[in-house]
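Undergrad: The structure's right below; bear with me while I get my questions together.
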Protein chains: 2
Amino acid sequence: MPVRPARIQDVAAAAGVSVSTVSNVLNRPERVNARTAERVRDAVAALDYVPHPGAAGLRTGHSSSIGLVLPDVANSFYSRIARGAADAAYEHGYALVLCDSGDAPEREQGYLTMLVEQRAVGVVVVPLSADPTRLTRLRERGIPLVLADRAISAQDGCSVSVDDIAGGRIAVQHLLERGARDILVVNGERAIRQCADRHQGARQAVRSRREARLDQVVAKEMTVAYGVEIARRLDDLPDGVFCTNDFLAAGLCRGLGERGVRIAEEVQVVGYGDLDIASFVGTPLTTVRQPVEELGRAAVEMLLDEVEARAEHAHETRVFAPDLVLRDSTRSPSAT
Amino acid sequence: MPVRPARIQDVAAAAGVSVSTVSNVLNRPERVNARTAERVRDAVAALDYVPHPGAAGLRTGHSSSIGLVLPDVANSFYSRIARGAADAAYEHGYALVLCDSGDAPEREQGYLTMLVEQRAVGVVVVPLSADPTRLTRLRERGIPLVLADRAISAQDGCSVSVDDIAGGRIAVQHLLERGARDILVVNGERAIRQCADRHQGARQAVRSRREARLDQVVAKEMTVAYGVEIARRLDDLPDGVFCTNDFLAAGLCRGLGERGVRIAEEVQVVGYGDLDIASFVGTPLTTVRQPVEELGRAAVEMLLDEVEARAEHAHETRVFAPDLVLRDSTRSPSAT
DNA sequence: CGGGCTTCGAAAAACGTTTCAGGCGCGCCC
DNA sequence: GGGCGCGCCTGAAACGTTTTTCGAAGCCCG
């Protein structure tokens, strides 16, 4: 039986005080006498009163929900972002509205206008395209915006991302430390920013060692199948391979396995992303781990800082450092 | 420069009509003359007016957000549910509030009260525990509830789930059809409802073939590692194995591989879940696919039916049928 | 030509809060 | 003893809609 929920007025009546006193007890307890406050709180409990944030928001102009727009929650990278964002939002008492644009720009747009309608207090976006003009509507409306996994010009808002250059660098540095000198980068399309960056990091690492050389082969898609294919076609074997994605790495290892090549002993392999597959695969992959949950969490926190500090908030571009997870694919059995 | 958004009043002024007319144009266009309507719409466009659903909700009593409470978005099963739910919510114009309880009952509870506060129009819950008493608060408030992946007594609300008994049955039926007669079920803890159900399905399938027999071994955890372990310990080989989870299946295949057993030819293996790993693994796994996105989508749709139909809505328990994805682990190379 | 009906549009109340401007009583100080 | 300040509380307006009630035209038909 859906009972009509108690309103603040009912509480006021029950406690024998005015509506505004109840409101004060709830929002600025210091303004009200301890004894009265207690009476009010008793009434709240007795009536099981829950405030109506919608009505409050109407008055204050603030809602208590923030938007999270991303291309596909079913993709583990994004769902990890969502996880971190949800955690942070929960801790700060905000509701997180999940907007899955499903790789469709018009849907991304639709979500943005929905968030404008809802008067979302701010939005975290993992944008579909590099072109940020779509986001101007938010900006016009004065809704704070944090971009994730993509840079934004500093005057327009905050952004969070993972340092892919550093990721490429530590991957290849590790290969170098483990003695590899003839290193191959198995990369995705260079048009993808992440791929270009990771390659650039790899080059940086190699540059510090005179005797090392770096090659690159580009896979059309970053899938296991293409990894296998590339392994089959390899003419002379490198002694270290850096795959810019774990799928490629997994495929490469399998392909090399088919050729009788021993991973780690003959060819050391480093992947990227620390996807589930990296640890499940025949020889578990050494790989670059990205603090993705942190990304989501930080995005929300920067957003809320902007929301709450308003005036003295300075836009910030926060870049997270990836690290390396050591597994068997770069650890020959002889080693400890 | 955060411009104060246009209100309905501004639109009315601009169009030279009253506030109520604007409202009517927006909500019940049939009530207003086409010419006036057009003028109003022009004004709306000119002022870039977006209605404030919070204010509307205040008046109508309905909000336009629905809650999705689940244990962990980063888990692919749940994130797929979220995907389906987000799709459905978007199509119906509702905002989906993501509530990740992170396996913590008190947090689940916290989210539920938050949803009550927000006057969510309804909630889809994938509950942490089988005990549904926690959900009574929602019920008391008259907030419709749909349970996902867990049954609910029909008078209390709708629920959606996947038929695990059928899943076990088709898995083992397939093994039988492919000639297996000595079948092993590699299962998880029998306390887990899914595991018990899948095993029951397996038994049903075997019962239809007199000459077939079914064994079971229980893994402490449903991980790749335990799968490997079980394969190593196996005394006499079955000719068909049904693993109630793809991780176990992947591990089992690897373990059997180590022993020189040829998958598919000597032992046919079926997994469960169609996780990413199933297709990436050395011999791609035949596995039971669950229509998880559909689950999420259906949950939201049933919820909205209850919300919108109210009186004539009948609670429903919808059970989805899984199907089989055929891959190499049950297809000997000789076969087509 | 007039009456009733239809069609449109307007005015105003209501939704549940917050907040601002006071107001009331009490104690303190002179 | 009176004025003043302070602590505590109240009344009322405002937030942006929807919806109900009602009035004003215009039309058809007799």
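The values are calculated or read from the model by the stated rules, or taken from the named source; none is laboratory data. Keep in mind it's a predicted model, so treat the numbers as computed, not measured. Glycine gets a Cβ as well: all are built from the backbone with ideal geometry, and neighbour counts include every protein chain shown. Keep in mind that these areas ignore ligands, DNA and RNA; they rest on the heavy atoms of the full protein, side chains included. Shrake-Rupley method; radii C 1.70, N 1.55, O 1.52, S 1.80 Å.
Undergrad: How big is the equivalent ellipsoid of region B:66-173 along its three axes, where each semi-axis is √(5λ) from the Cα gyration tensor, reported in whole Å from largest to smallest? Don't jump to the answer; show the numbers that get you there.
TA: Details: eigenvalues 109, 53, 41 Å².
Listed largest to smallest, the semi-axes of region B:66-173 are 23, 16, 14 Å.
Undergrad: Roughly what % of Cα-Cα distances in region B:123-253 sit above 24 Å, to the whole percent? Walk me through the intermediate numbers first.
TA: Numbers: 3437 of 8515 pairs.
Of all Cα-Cα pairs in region B:123-253, 40 percent lie more than 24 Å apart.
Undergrad: Region A:276-312: which residues show an accessible-area loss of 40 Å² or more, assembly versus chain alone, 1.4 Å probe?
TA: Residues meeting the cut-off: A:Phe280.
Undergrad: Output needed for region B:8-51: three equivalent-ellipsoid semi-axes, defined as square roots of 5 times the C-alpha gyration tensor eigenvalues, in descending order, whole Å. The partial results should precede the final answer.
TA: On the way: eigenvalues 40, 20, 18 Å².
Listed largest to smallest, the semi-axes of region B:8-51 are 14, 10, 9 Å.
Undergrad: Moving on. Taking chain A as a Gaussian network, where each spring joins two C-alpha atoms under 10 Å apart, which residue of A:Gly227, A:Gly61, A:Gly271 fluctuates the most?
TA: Fluctuation is largest for A:Gly61.
Undergrad: Sticking with this one: Taking each full run of DSSP H in chain B as one helix, which ones are at least 15 Å long along their axis (Cα atoms) and have mean Kyte-Doolittle hydropathy of at least -1.0? Let's see the in-between values first.
TA: Values: long enough: B:34-47 (20 Å, 0.00); B:76-91 (22 Å, -0.27); B:105-117 (18 Å, -0.68); B:164-177 (19 Å, 0.39); B:193-207 (21 Å, -1.57); B:246-258 (18 Å, 0.58); B:292-309 (25 Å, 0.30).
Helices passing the filter in chain B: B:34-47, B:76-91, B:105-117, B:164-177, B:246-258, B:292-309.
Undergrad: Just how far, in whole angstrom, is region B:240-259 from region B:192-208 if you go by their alpha carbon centroids?
TA: If you average the Cα positions of each part, the centres end up 18 Å apart.
Undergrad: Next question, about the same structure. Sorted from largest down, what three extents in whole angstroms do the Cα atoms of the protein assembly as shown have along their principal axes?
TA: 80, 70, 60
Undergrad: I need the calculated FRET efficiency for the pair B:Leu237 and A:Val319, taking r as the beta carbon distance and R₀ as 41 Å, to the nearest 0.05.
TA: Working: r = 53 Å, r/R0 = 1.28.
With R0 = 41 Å, the Cβ-Cβ based efficiency is 0.20.
Undergrad: What FRET efficiency comes out for B:Arg4 versus B:Val217 if R0 is 56 angstrom and r is the Cβ-Cβ distance? Round to the nearest 0.05.
TA: Numbers: r = 68 Å, r/R0 = 1.21.
The calculated FRET efficiency here is 0.25.
Undergrad: While we're looking at this one, here's another question. Which value in nm describes the separation of the simple spin-label points at A:Asp48 and A:Glu258, placed 7 Å from the Cα toward the beta carbon?
TA: 6.3
Undergrad: By the gyration tensor of its Cα atoms, with a ≥ b ≥ c the square roots of the eigenvalues, what is the shape of region B:154-225: rounded for a/c under 1.5, prolate for a/b over b/c, or oblate? Working shown, then result.
TA: Values: a/c = 2.55, a/b = 1.41, b/c = 1.80.
Judged from the Cα gyration tensor, region B:154-225 comes out oblate (a/c at least 1.5, b/c at or above a/b).
Undergrad: Can you compute log10 of I(q)/I(0) for region B:126-173 with the Debye formula, treating each Cα as one identical point scatterer, at q = 0.13, 0.14 Å⁻¹?
TA: Summing over Cα pairs of region B:126-173 leads to -0.38, -0.43.
Undergrad: Of all accessible surface on the protein assembly as shown at a 1.4 Å probe, what whole percent is carbon and sulfur? Spell out each step's value before the answer.
TA: On the way: 14310 of 29910 Å².
Ligands and nucleic acids excluded, carbon and sulfur reach 48 percent.
Undergrad: Please report the antiparallel percentage of DSSP beta bridges with both residues in chain A, rounded to the nearest 5. Don't jump to the answer; show the numbers that get you there.
TA: Details: 3 of 40 bridges.
Expressed as a percentage, antiparallel bridges in chain A total about 10.
Undergrad: Scaled to the compact-protein estimate 2.2 N^0.38 Å, what is the alpha-carbon radius of gyration of chain B, rounded to two decimal places?
TA: Values: Rg = 26.3 Å, N = 336, 2.2 N^0.38 = 20.1 Å.
Rg over 2.2 N^0.38 Å, computed on Cα atoms: 1.31.
Undergrad: To one decimal place, what Kirkwood hydrodynamic radius in Å is obtained for region B:177-259 from all pairs of distinct Cα atoms?
TA: Here the Kirkwood hydrodynamic radius works out to 12.8 Å.
Undergrad: How many nm is it between the label spots at A:Glu312 and A:Ala104, if each spot is 7 Å from the Cα in line with the beta carbon?
TA: 4.6
Undergrad: Next question. With every protein chain left in place, what is the accessible area per residue of chain B in square angstrom, probe 1.4 Å?
TA: Numbers: 14960 Å² over 336 residues.
Averaged over the residues of chain B, the accessible area is 45 Å².
Undergrad: Right, next: For B:Thr286, list long-range residues whose amide hydrogen, built 1.01 Å from N in the peptide plane, is under 5 Å from its own amide hydrogen.
TA: Correct list: B:Gly271, B:Arg327, B:Asp328, B:Ser329, B:Thr330.
Undergrad: Here is a follow-up. Taking R0 as 56 Å, what's the FRET efficiency between A:Ala130 and B:Arg203 from their Cβ-Cβ distance, rounded to 0.05?
TA: Details: r = 55 Å, r/R0 = 0.98.
Efficiency, rounded to the nearest 0.05: 0.55.
Undergrad: Sticking with this one: Quick one: check the C-alpha center-to-center distance for region A:57-122 versus region B:120-174, whole angstrom.
TA: 25
Undergrad: Write down Rg/Rh for region A:177-336, rounded to two decimals, with Rg from the C-alpha atoms and Rh from the Kirkwood relation over Cα pairs.
TA: Working: Rg = 18.1 Å, Rh = 16.9 Å.
On the Cα set of region A:177-336, Rg over Rh gives 1.07.
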